[in-house]
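One structure is given below, encoded as structure tokens.
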Amino acid sequence: MKQTKKPAAGKKLSLFYLGAIVESSEDAIITKDLEGNITSWNKAAEKMYGYEAHEAIGQKIFLIIPKELHQEELVILGKLKKGERIEHFETMRVRKDKRKIYVSLSISPVKDTKGKIIGVAKIARDITAQKKAEERQQFLDKASLILSSSIDYSTTLKNIAKLIIPYLADYCRIVVFDENNLIKEVVTHHIDKRKISLVTELYKIYKDREKNIHGVNNILATGKAEILPEISEAVFESVKDNPKLVTLLQKLELQSYMGVPIKIGTKIIGAITFSSIQKDRLYTTYDLALAEELARRVAYAVENSRLYQQSQQSLAIRDEFISDASHELRTPVTSLKMYIQGLQKQFERVENTISLTYLTKMNNQVDKLTSLISDLLDVSRLQSGRIEFHEEFFDVNKLVADTVEAIKPIVKTHTINIEGEIPQLCIGDKDRVGQVLTNLITNAIKYSPKADRIVIALQPGKDAATITVKDFGIGIGKQHLDKIFNRFYRVVDLDERTFPGLGIGLYISNEIIKRHDGSMRVVSTKGKGSQFSFTLPYDKKADK
Ligand code: ADP
């Protein structure tokens, strides 16, 4: 007897334990028959879905399945009836209070003693928090992408409003202060475009009311975030004095509201407000934290955009100044040159050699000044596109030889050798190409103080000639090579600080060559030397 009784008692005990485990489990465990009727419902299921066991047992499982997912359930039941295995999966369920939750589900068949499937056991874990965190991260990632897509913040904020709706609000408003500290409406958006005008009207009436305790003006004044989880009777009560406002709020069906400042440090630069018209979207502090993080990212984007605009304005002012200054400098320098020439003639007559030596030196300095001024003028002309080229066919060999001849008298340190020949004429502005050559040769000399030669190589190509100026000087570090043709760019490594210059010669040269449909490039090794080459076409492009 004992022997036969023991297993029965053991079975009872294990069933008791099993029941206790199911009841105390953190996961919702429910069973249903093959028709989808709920047959058991543990404590965790009560908590997770909001229905008590007596409300759920006997009901169809569709009680907790959102309408759009009913088909999914039918497929699962079908598979189970056929004895197929169901892999663990993630889906959505709906609670008694209509809130949707994400669940991770394990489904297994319940079999009778003969092994026949008579029902299904479902173990569900609430993964809403994890899913929401993922969604929020995705939302912020998208926001960052939008904010970095353009430097014009009006455009990016319009796109941010489109992202906010519908994810975080049904209507929203973004304002920023402009340069004069006046409120600039950037965007007002509503999920139903026809209602945007209602929102705008609401704000218009609301903003001028005294004693407002919520809203954009408040946020801008206090720099504090605000939240109204539910639009209670008290809220309607507080605007009762203006029936129009009450009607608007009713028409908009506002259910919940929150607003956050856009701040850089303690400086308030704007505000974003979020409004929900859905009864099951009542804002929580969790939503407010997300809104604040969004506002933080918006703040940096707006500030960056403003700094960029300011720097662009400063650059425009600088360019204008350079243009004005170089024009103004040209006249007195031209007069100075004329007076020097006048004096030179007088001193030649009286054979005053000492004064003549000084005057020659003076004249050289004035020539340097004239060349600097004309470079500065070229920079502003190139910037504004006001530079003219007088194109003609010319002999590059002769131009190179003439340029070298002109430079030779002032170069005592280096020999300049020309290698190769271009058998064809090239097209372009001879004087401007001469200017490029002079720039490259004087740079080659200037940046190779320890070397004693420069080589100019002429190579004929199919459609264009290539002219290369080689030096054996200090060379240029790799990190500078892609910037070397930028306006005002100078290498500021230790060994370069002593060389005078404005960083505009290569910019001008490169621009001149580009306008000739040619290209300029540099090959350089630090400590070994540089090769600057440019191409010059034999003829104009057919489409020009
Ligand atoms: P800069 O008036 O400063 O010489 P450039 O526009 O002609 O202006 O040149 C820009 C910078 O490129 C120079 O400051 C210098 O650092 C570098 N550079 C130009 N040519 C050479 C060269 N041949 N060798 C080494 N560095 C050069």
I'm checking my understanding of the structure. Among residues of the stretch 423-438 that are of a type in the set (A, V, I, L, M, F, W, C) and surrounded by fewer than 21 Cβ atoms within 10 Å (Cβ to Cβ), which one is farthest from the ligand (Cβ to nearest atom)? LEU425
Of the residues in the stretch 1-56, those that are surrounded by fewer than 16 Cβ atoms within 10 Å (Cβ to Cβ), at pLDDT 85 or above and over 22 Å from LYS116 (Cβ atoms) come to SER25, GLU26, LYS47, GLU52, ALA53, HIS54, GLU55
Would you confirm, using the coordinates I've provided, whether ILE441 is within 16 Å of the ligand (Cβ to nearest atom) and within 27 Å of ASN364 (Cα to Cα)? yes
Of the residues ILE441, ILE418, which single one is touching a residue at least 12 places away in the same chain (Cβ under 8 Å), touching a helix residue (DSSP H, G or I) at 6+ places or on another chain (Cβ under 9 Å) and within 20 Å of PHE499 (Cβ to Cβ)? ILE441
Of these, ASP97, ASP27, which one is closer than 23 Å to ARG281 by Cα and of a type outside the set (A, V, I, L, M)? ASP97
Across the stretch 498-524, which residue is surrounded by the fewest Cβ atoms within 10 Å (Cβ to Cβ) among those that are near the ligand (Cβ under 10 Å from one of its atoms) and part of a loop (DSSP other than H, G, I, E, B)? PRO500
For the stretch 327-362, which residues satisfy the criterion of being more than 30 Å from ASP378 (Cβ to Cβ) and aromatic (Phe, Trp, Tyr)? PHE347, TYR358
Can you go through LYS470, LYS446 and tell me which one is near the ligand (Cβ under 10 Å from one of its atoms) and in contact (Cβ under 8 Å) with a residue 60 or more places away in the chain? LYS470
Need the failing condition index for LYS541 against (1) under 18 Å from VAL396 (Cβ atoms); (2) without any contact (Cβ under 8 Å) to a residue 40 or more places away in the chain; (3) away from the ligand (no atom under 13 Å from the Cβ), just the number. (1)
Considering only the stretch 389-410, I want to know if a residue exists there that is of a type outside the set (A, V, I, L, M), within 30 Å of ILE317 (Cβ to Cβ), surrounded by fewer than 19 Cβ atoms within 10 Å (Cβ to Cβ) and more than 16 Å from the ligand (Cβ to nearest atom). yes
Members of the stretch 473-492 that are of a type outside the set (A, V, I, L, M, F, W, C) and more than 8 Å from the ligand (Cβ to nearest atom): GLY477, LYS478, GLN479, ASP482, LYS483, ASN486, ARG487
Search result, residues across the stretch 177-205 that are outside any helix (DSSP H, G or I) and touching a helix residue (DSSP H, G or I) at 6+ places or on another chain (Cβ under 6 Å): VAL186, VAL187, THR188, HIS189, HIS190, ILE191
Output yes when any residue across the stretch 70-88 is exposed (fewer than 14 other Cβ atoms within 10 Å of the Cβ), over 18 Å from GLY119 (Cα atoms) and touching a residue at least 12 places away in the same chain (Cβ under 8 Å), and no when none is. no
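The values are calculated or read from the model by the stated rules, or taken from the named source; none is laboratory data. Since we're looking at a predicted model, the values are computed, not measured. Cβ atoms come from the backbone with ideal geometry, glycine included; neighbour counts cover every protein chain shown.
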